[in-house]
Amino acid sequence: MKTAIITGASSGLGRELARQAAAIFPEAECFWLIARRAQRLEELAEALPGKTVACLGLDLCDAMSFMAYQDKLRAEQPEVVLLVNAAGCGYLGRVGETDTASQTRMVDLNVRAVTAVTHMTVPYLVPGARVLNVSSIAAFCPCPRMTVYSATKAYVSAFSRGLGEELRSRDVRVTAVCPGPMQTEFLEVGGIAGNSRTFELLPYCDQVRVACGALRAARAGRAVYTPTLFYKFYRLLAKATPAGLMMKLTKT
Ligand SMILES: NC(=O)c1ccc[n+]([C@@H]2O[C@H](COP(=O)([O-])OP(=O)(O)OC[C@H]3O[C@@H](n4cnc5c(N)ncnc54)[C@H](OP(=O)(O)O)[C@@H]3O)[C@@H](O)[C@H]2O)c1
């Protein structure tokens with residue numbers, strides 16, 4: 001069955017991507033929605049009429065979940081037309097001053113889980129399929145006080161580029177979407193809300209519009225999608241400016 005697989009579908013950008021994917025990838029007959037809060041996924045399933053929906057309540061920081069996902073792939077043999085890696089987290093705080101668990105959770109979810117889910121899914125991607133990885137503007141330059149987060153997102157962007165080149169001959173394209181801040185649970189979960197002047201000053205992106213633009217960019221086979229003119233300019237600035245200078249601006 002032609003299948004779209006979306007991680008982080010229980011809230012924020014991932015949920016929007018899942019809601020809008022059916023319109024931009026109408027060939028997807030089946031949706032696999034992944035996150036820990038399965039009840040939220042069940043509610044989202046109702047917004048996908050006419051589609052077969054499987055809600056996988058998996059904790060992607062737990063390596064046992066990878067085995068469950070692998071088993072599901074082997075059992076169902078899906079023809080994957082779209083893979084979206086949206087699950088992610090970002091904690092505010094300096095390295096060495098915050099708890100070790102939150103620092104390593106960013107690596108587990110944003111790096112290890114993205115790598116594992118993609119690695120296991122690649123054999124099931126059909127010609128013409130798309131992979132959409134949620135990166136961030138934090139990928140453009142290290143962000144002190146979110147050093148680990150920005151490093152994980154630099155990985156997501158670099159991983160997406162390399163993977164896109166590897167899969168080109170199979171007619172599969174890979175897109176990294178790099179949004180600025182969005183009003184989602186991410187800000188509360190990461191202890192950012194009310195604790196970062198930078199996040200208070202930066203213009204916010206609307207996740208509904210980001211999702212639409214990202215899915216269209218993926219459909220078009222673009223390697224990177226940066227929403228809004230402001231952040232497109234920021235991306236160019238970060239490319240042209242030495243990191244040491246940029247980090248005066250990017251301190252969160
Ligand atoms: N919001 C921003 O300012 C911003 C800016 C740039 C990029 N991003 C990126 O956008 C992506 C989506 O974030 P968001 O803003 O939409 O935040 P969000 O509302 O907090 O969504 C995060 C999603 O990841 C899932 N998730 C978290 N931990 C998980 C785990 N251990 N296993 C499985 N799923 C897990 C959550 O589901 P459960 O809790 O149900 O597991 C949720 O569906 C992330 O990759 C984030 O880095 C966010």
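None of the figures in this text is laboratory data; all of them are computed from the coordinates on show. Keep in mind that this is a model prediction, so the values were computed, not measured. Because the Cβ atoms are built from the backbone with ideal geometry, glycine has one as well, and the counts that use them run over all protein chains shown.
Brief remarks on what is shown
- Helical content alone sets the calculated 222 nm signal of the chain at -13500 deg cm²/dmol, taking -39,500 (n - 2.57) per DSSP H segment of four or more residues and averaging over every residue.
- Per the Debye calculation on segment 2-250 with a single equal scatterer at every Cα and no solvent contribution, log₁₀ I(q)/I(0) for q = 0.08, 0.18 Å⁻¹ amounts to -0.28, -1.49.
- Note on Lys2: lysines with a C-alpha under 27 Å away, same-chain residues under 8 apart excluded, are Lys51, Lys72.
- Those lysines that a straight Cα-Cα span of less than 17 Å connects to Lys153, excepting residues fewer than 8 apart in one chain: Lys232, Lys239, Lys251
- Sequence of Cys89, Cys143 once ranked by neighbouring C-beta atoms within 10 Å, starting from the fewest: Cys89, Cys143
- Highest-fluctuation residue, Gly50, Gly213, Gly96 considered, GNM on the chain with Cα pairs under 10 Å: Gly96
- Fluctuation leader among Ser102, Ser169, Ser150 - the chain, Gaussian network, Cα springs under 10 angstrom: Ser169
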